[in-house]
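The values are calculated or read from the model by the stated rules, or taken from the named source; none is laboratory data. Keep in mind that this is a model prediction, so the values were computed, not measured. Backbone-built Cβ (ideal geometry, glycine too); neighbour counts: all protein chains shown. Calculation scope for accessible area: heavy atoms of the full protein, side chains included, ligands and nucleic acids excluded. Shrake-Rupley method; radii C 1.70, N 1.55, O 1.52, S 1.80 Å.
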Amino acid sequence: MSSVSRPRWLRRLLLIVGAFATVLLLSVGGCVTWVYHSAVVSTVGSTDFSNELAIPPLAQSRIREDGTRVFELDMRSGRREFRPGQATETWGFNGDYLGPTLRARRGERVEVEVRNKLSEPSTVHWHGMHLPAAMDGGPHQMVQAGGIWTPQWTVDQPAATLWYHPHPHGATEQHVRRGLAGMFLLDDEVSEGLSLPKNYGVDDLPVIVQDVKFRGNQLDSSHGIFRDIGFLGDRTMVNGTLTPYRNVGDELVRLRLLNASTARVYTFGFADDRRFSLVATDGGLLERPVALDRVRLSPGERAEIVVRVRPGERTVLRSTKLDAGLDFWAQRFAGGDDSFDILELRAAPTLRPSPEMPVALAHPSTPDGSDSVTERNFELQLSGINGKPMAMDRIDFTVTKGTAETWTVHNSDGMPHNFHIHDVQFRVLELDGAPPPDALTGPKDTIFLPPNARAKIALRFDGPADPNSPYMYHCHLLWHEDQGMMGQFAVVEPGQSAGTPAHNQSHH
Ligand code: C2O
Ligand code: CU
Ligand code: CU
């Protein structure tokens with residue numbers, strides 16, 4: 001039947017419906033366009049670097065008669081004026097926001113008295129540390145509100161920039177966002193013998209980078225539309241300082257970069273594209289310094305870089321757009337189009353001469369895959385790793401103490417993820433079928449995997465065995481981890497099978 005035969009009222013109705021549909025489509029389209037355009041943020045060129053960079057204090061410790069170095073960490077709530085006159089509610093270790101830098105030497109026995117003075121349970125995990133699973137501070141080592149937990153272990157790994165943060169299953173993003181994070185530096189004979197800048201807070205600076213957003217005086221933690229990556233802030237802080245600058249008095253400055261953000265990936269470099277030397281990654285020193293002009297860090301990753309400054313100059317550490325082959329949608333909504341002025345270094349008019357950079361740094365400490373006894377595959381999806389969301393009472397597999405394995409990790413999801421493993425440092429054997437880029441040749445505990453990326457890594461499990469206490473592997477985009485993008489493995493003696501995860505509840 002033709003429209004000519006439709007009664008006039010029907011034609012009129014169709015016309016009105018059509019008009020409505022058009023308006024609706026245009027406004028939905030308009031909204032999406034608006035959301036797309038407003039999803040990009042940049043602080044490049046508009047940052048005034050008005051605040052002196054805070055340096056987290058080195059944690060005090062005492063040595064017990066048996067030689068154990070004992071630290072104390074109190075988790076508590078507080079208030080911090082990130083902006084003058086505007087107090088923000090925060091959480092911190094031994095203070096209002098972030099925590100002191102713990103420092104220990106290879107071979108030392110350490111103990112940390114962790115007191116939870118918050119009003120809810122939490123944990124403290126030693127990210128990057130090789131230690132018994134029951135001391136790891138993962139979701140099975142909850143510290144009740146008002147409780148105390150005193151893990152002990154012997155430091156037995158190369159010098160490195162590690163860190164600590166809470167790990168309560170389902171709430172890690174919020175606990176870290178509120179300010180619970182700090183650095184844990186390890187030294188050894190090798191690091192002490194090298195002519196690298198090593199005067200903490202002077203020519204060796206901790207650089208804990210976090211993105212934040214304020215709503216009124218308070219930290220905003222809402223995710224925003226299309227942010228399936230998790231929380232993204234609209235500005236950055238270093239060591240809890242907004243728009244920071246730091247005066248430096250040495251020709252060479254070492255920056256220990258830690259991405260302590262919950263979801264954001266940074267591509268660090270300098271505003272004038274100057275080159276710097278990458279000397280260490282997550283688990284410690286590279287074999288030799290690598291000259292780069294950019295280094296990319298996804299949440300949880302670290303890089304130690306050494307940069308040369310000229311007398312009297314100012315130079316800006318900047319994070320530029322992400323170049324990881326993301327499609328235009330993921331690129332925008334995962335923060336890939338964002339850029340930030342992170343930290344300004346202000347060099348004194350006359351600088352103390354620094355010794356030449358060493359040519360060789362450390363011998364590799366991670367396995368090369370040739371003695372791997374097992375191969376495993378991991379498929380990363382927001383809905384779970386290998387199709388299964390995290391379950392506290394399910395140990396996904398066991399590894400045999402003293403053996404090496406080769407793992408292939410594939411991101412088969414449409415969004416960026418990364419992959420972090422507790423207890424071990426690994427070597428990247430291949431990235432997308434090719435030898436890894438220079439920046440990924442050092443010891444790693446976390447690796448960035450944009451959509452479709454595939455990494456082959458080798459790792460060794462030195463123990464001790466404990467079938468009842470699992471270690472975690474997970475995406476370190478913390479909201480993804482909270483959603484269940486995590487699994488558990490236990491280190492066992494040959495032939496032993498996994499037990500039941502023990503919940504080491506803290507005592508009061
Ligand atoms: Cu930095 Cu399982 O975490
Ligand atoms: Cu960890
Ligand atoms: Cu993820």
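Name the one entry in Thr315, Thr350 that is open to solvent by less than 40 Å² (accessible area, probe 1.4 Å) and without any contact (Cβ under 8 Å) to a residue 60 or more places away in the chain.
Thr315
Could you please give the count of residues in the range 225-251 that are in contact with a Phe, Trp or Tyr (Cβ under 8 Å, 6 or more places away or on another chain), part of a loop (DSSP other than H, G, I, E, B) and not acidic (Asp, Glu)?
7
Between a first residue in the range 464-487 that is among the charged types (D, E, K, R) and within 13 Å of ligand 2 (Cβ to nearest atom) and a second residue that is open to solvent by less than 10 Å² (accessible area, probe 1.4 Å) and at pLDDT 95 or above, which pairs have beta carbons less than 9 Å apart while being 6 or more apart in sequence or on different chains?
That search, which allows pairs on different chains as well, returns Glu481/His167; Glu481/Thr172; Glu481/Glu173; Glu481/His420; Glu481/Met472; Glu481/His474; Glu481/Cys475.
Any residue that is in contact with a Ser or Thr (Cβ under 6 Å, 6 or more places away or on another chain) and surrounded by fewer than 20 Cβ atoms within 10 Å (Cβ to Cβ) - is there at least one of those in the range 243-264?
yes
Select from the range 132-143 the residues that are in contact (Cβ under 8 Å) with a residue 60 or more places away in the chain and not in a loop (DSSP other than H, G, I, E, B) and list them in ascending order.
Ala133, Ala134, Val143
For the range 52-79, give me each residue that is within 30 Å of Gly336 (Cα to Cα) and in contact with a Phe, Trp or Tyr (Cβ under 7 Å, 6 or more places away or on another chain).
The answer is Glu52, Leu53.
Looking only at the range 102-128, how many residues end up being more than 17 Å from Thr68 (Cα to Cα) and in a loop (DSSP other than H, G, I, E, B)?
Of the residues in the range 102-128, 8 are more than 17 Å from Thr68 (Cα to Cα) and in a loop (DSSP other than H, G, I, E, B).
Hey, can you tell me all the residues within the range 144-200 that are outside any strand (DSSP E or B), within 12 Å of ligand 1 (Cβ to nearest atom) and not aliphatic (A, V, I, L, M)?
Scanning the range 144-200 gives Pro166, His167, Pro168, His169, Thr172, Glu173, His175.
State the number of residues belonging to the range 411-447 that are among the polar types (S, T, N, Q), open to solvent by less than 10 Å² (accessible area, probe 1.4 Å) and away from ligand 2 (no atom under 16 Å from the Cβ).
The qualifying residues number 1.
Does the range 461-475 hold any residues that are within 16 Å of ligand 3 (Cβ to nearest atom) and out of contact with any Phe, Trp or Tyr (no Cβ under 8 Å at 6 or more places or on another chain), and which are they?
Met472
Within the range 30-53, is there a residue that is part of a helix (DSSP H, G or I), open to solvent by less than 60 Å² (accessible area, probe 1.4 Å) and aliphatic (A, V, I, L, M)?
Yes.
Run Val17 past the list (1) of a type in the set (Val, Ile, Thr); (2) open to solvent by 90 Å² or more (accessible area, probe 1.4 Å); (3) outside the structural domain of Glu111 (by TED's automatic domain parsing) and report the number of the one that doesn't hold.
(2)
Looking at Gly300, is it open to solvent by less than 10 Å² (accessible area, probe 1.4 Å), closer than 26 Å to Ile229 by Cβ and not aliphatic (A, V, I, L, M)?
The answer is yes for Gly300.
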